[in-house]
Structures are given as structure tokens and as C-alpha cells.
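Notes follow once the structure below has been shown.
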Amino acid sequence: MSPIHTRLKPFIPALLSVGLVTGCGNGGDTVTKQNNSNSPPVTANNTTVVPNAQILLTELPEMRQVIYFDKNSYDLNVKSQFLLDPIAVRLRQHPDSFLVVVGHSDDSSDEEDNIILSYERAFSVAIYISSVFGVEEERIQLVAAGSSERLSTGPSDKERKENRRVEVLSPKAIVRTLSPHNNNLQY
């Protein structure tokens, strides 16, 4: 366990109980929306309808994906978009979750250019997820690593291609949900 996890461990039960008490409804959805009249909602046969909704906590496993790019490019191809879709769907389904996107480059240019290119790669992933799936940009953290975290140090183009990547991480998280099941879409 990391030092921060060790320090926070005694507080986890209290934090979880606060999350259960406060809930996730804000009045903007059909489960928590208040009826404008003083009478309870009724159906066609005049029976009272009471929603059976519980706010639950569910644990989401970590999700990782690596997207590779062509030399000096930050364009996402269709294959890469399909690889990102399950993570984007998870973010869409669980508004409490977030994403870390780390851009990398090979060492074919000077480090300033590598930092810029790695940022643009990470940014293209974030823009795809944000614009196509409607995920708020504030939930996506971008990191530009440049060529500092190379996987391969070889001189061939095949070896350098391993370094032209974006690592996408949606960390393990405990999130609020209305469903007792983890209903992530599977691809």
C-alpha cells in the first residue's frame, strides 16, 4: 500500500457512510425529483407509486488501454477509437469515475518537441472521449511524459513504435450507483 493509502485507511468507513447518507440524487432525475403537488404520485388505477431506489456503492475494477500512434502523429484511427470505447462508456455510466491519460513519444526529436507531441496525443484521446461520449473534460487528467518513459531503447522503427503511445487509465474506484450490479457494457 502506498503511504497515502495507509494514512487514509482508518477514515474509509466514515467516508463510505457519508457517501451512503448523502446519496447521489440532486433532484434532477426521476428517482429524486419531487412532485410539485402535495399529493403522492398515482397511477391510472389510483394506487400510490413509491420508487424502490437505493443508493449503493459499487467497486469498479481498474481499466487500462494503450493506444499506439504513427511517427510524428497524434491522429486517432478507428481501431484506436474502438479500444477507447469501453473506458468511455464506463466514464459515462459512472459520473464519480475519472481518467488519467499519459502521452509518450520516442526519442527521435528534441525533448521539447517530444513533450508537445506526447501532450497532443493525450489531448486527442481526451477530446475523443469528451466529445463523442459527453464526458466532462474536468474528469480527464492529461500528462505529457515525452520520451522520458520509454519501453524500448532500440534504434529500429519497430522498437521506437512501442514508445509512441498513450496510456489510458481509469483507476479502481468505489462509486455511487442505483443498481446493485456493475452494468458496464462489454465489447
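The values are calculated or read from the model by the stated rules, or taken from the named source; none is laboratory data. Keep in mind the model is a prediction, meaning the values are calculated, not measured. Cβ coordinates were reconstructed from backbone atoms using ideal geometry, including for glycine residues, and neighbour counts include every protein chain displayed. We work out accessible area using only protein heavy atoms, side chains counted, and drop any ligands, DNA or RNA first. Shrake-Rupley method; radii C 1.70, N 1.55, O 1.52, S 1.80 Å.
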Revision key, fill the gap. Checking N72, N114, N163 in turn, the sole residue that is at positive phi and either in contact (Cβ under 8 Å) with a residue 24 or more places away in the chain or touching a His at 6+ places or on another chain (Cβ under 9 Å) (or both) turns out to be N72
Revision key, fill the gap. Of those in the range 55-100 that are of a type in the set (D, E) and over 11 Å from A173 (Cα atoms), the residue nearest to the chain's Cα centre (by Cα) is D85
Review point. Tell me, which residue of the range 130-140 that is among the charged types (D, E, K, R) and touching a helix residue (DSSP H, G or I) at 6+ places or on another chain (Cβ under 8 Å) is nearest to V100 (Cα to Cα)?
Key: R139
Check your understanding: Is it true that some residue in the range 130-151 is among the acidic types (D, E), open to solvent by 10 Å² or more (accessible area, probe 1.4 Å) and farther than 30 Å from I174 by Cα?
Key -> no
Point to revise | Flag for S109 being part of a helix (DSSP H, G or I) and of a type in the set (S, T, Y) | key: no
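Please enumerate the residues belonging to the range 89-102 that are surrounded by 21 or more Cβ atoms within 10 Å (Cβ to Cβ) and at pLDDT 95 or above.
Answer for the range 89-102, where residues must be surrounded by 21 or more Cβ atoms within 10 Å (Cβ to Cβ) and at pLDDT 95 or above: L99, V101.
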Review point. Within the range 75-102, how many residues turn out to be part of a loop (DSSP other than H, G, I, E, B), touching a residue at least 12 places away in the same chain (Cβ under 8 Å) and under 23 Å from S147 (Cβ atoms)?
Key: 2
Point to revise | Filtered residues of the range 57-88 (kept if open to solvent by less than 50 Å² (accessible area, probe 1.4 Å), hydroxyl-bearing (S, T, Y) and touching a strand residue (DSSP E or B) at 6+ places or on another chain (Cβ under 8 Å)) | key: T58, S80
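Residues checked against (1) assigned to a helix (DSSP H, G or I); (2) touching a helix residue (DSSP H, G or I) at 6+ places or on another chain (Cβ under 8 Å); (3) polar (S, T, N, Q):
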site	(1), (2), (3)
S118	yes, no, yes
R121	yes, no, no
Y128	yes, yes, no
L142	no, yes, no
G146	no, yes, no
T153	no, yes, yes
K158	yes, no, no
N163	no, no, yes
E167	no, no, no
